[in-house]
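Inspection log for the structure reproduced underneath, given as structure tokens.
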Amino acid sequence: MIIKDIATASILGCKVHLVNMAEAVQIVEHMVQCGQDCSQVVTLNAEIIYQTKKEEELQSIINHASLVTTDGIGTVWAARTLGYTQKERVSGIDLLHELCDSGATRGWKIYLLGAAPGVAEKAGQKLEQRYPGINVCGSWHGYFPQQDEPEIIEDINSKSPDILFAALGAPKQEYWIDQKRTALKVPVCMGVGGSFDVIAGIKKRAPKVFIALNLEWLYRLLTEPSRWKRQLALPAFVVAVLKQKYSRK
């Protein structure tokens, strides 16, 4: 599957590729096979889309990314509301798991960057246990000072991973990948938010019933009440999307 043939949506000025999970995996497989430096994958949620209204650089990063998926029901809702066809969300943690499953049969090497000290290493062990054949070739925690970045990049490049998963939190991870793209010798770099904490067992993911009902955001709010300030962006996002919809008529 060639990315240029994929339909895209424009949500508040942000490009989003209208792909399902299987298509996203196929596209990343192609990126790895081509071995180009460094295709950026963004899994885009409503909060980040709304944040781009104040951060033009962030919107530019998203619009220049190689693949942008619908992470979160808010992004799926927005695409459908604006008249686009999008059947499912393609979240960062789910795409990470699917890529590890696919990569295990191909002998891919992955590098994990981010989270608290020790978490990425533990997440890597869990992934290797779950997906025999995947090679977690290196890891580095996310609490590093700027002066350590050359050493980190050197370590990443020396391990020659097929994919770098960066769990630095959105949108910090998107900024970081974009800024380091020319230095990173990695075919695919993808931001995955707090995925390492969940994979390592530090935090629990929402029960399947919440995920099935597209209420994972509610579960996270209930278990992490401090997130309520971030959630205030969602009503504003809904209003902005409706304005975009009716301004086109």
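The values are calculated or read from the model by the stated rules, or taken from the named source; none is laboratory data. These numbers come from a predicted model, not from an experiment. Cβ coordinates were reconstructed from backbone atoms using ideal geometry, including for glycine residues, and neighbour counts include every protein chain displayed.
Here are the numbers:
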read-out	value
Positions within the stretch 9-22 being crowded, with 16+ Cβ neighbours inside 10 Å and more than 30 Å from Y246 (Cβ to Cβ), in sequence order	M21
Counted residues, the stretch 97-126 - those being touching a Pro at 6+ places or on another chain (Cβ under 9 Å) and assigned to a helix (DSSP H, G or I)	1
Selection from the stretch 78-96 of residues that are assigned to a helix (DSSP H, G or I) and either surrounded by fewer than 17 Cβ atoms within 10 Å (Cβ to Cβ) or free of Cβ contacts under 8 Å to residues at least 24 places away in the same chain (or both)	R80, T81
In the stretch 62-74, residue nearest to I27 (Cα to Cα) [restricted to those that are at pLDDT below 95 and surrounded by 21 or more Cβ atoms within 10 Å (Cβ to Cβ)]	D71
Some residue of the stretch 127-136 being at pLDDT 95 or above, of a type in the set (A, V, I, L, M, F, W, C) and assigned to a strand (DSSP E or B)	yes
Flag if E47 is modelled with pLDDT of 95 or more and either under 22 Å from K243 (Cβ atoms) or out of contact with any His (no Cβ under 6 Å at 6 or more places or on another chain) (or both)	no
Matching option when the condition is in contact (Cβ under 8 Å) with a residue 60 or more places away in the chain, within 18 Å of L234 (Cβ to Cβ) and hydroxyl-bearing (S, T, Y), among Y111, Y50	Y50
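Quick grid of which residues meet (1) under 20 Å from Q125 (Cα atoms); (2) not charged (D, E, K, R):
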residue: N157; (1), (2): no, yes
residue: D162; (1), (2): yes, no
residue: W176; (1), (2): no, yes
residue: V186; (1), (2): no, yes
residue: S195; (1), (2): yes, yes
residue: A200; (1), (2): yes, yes
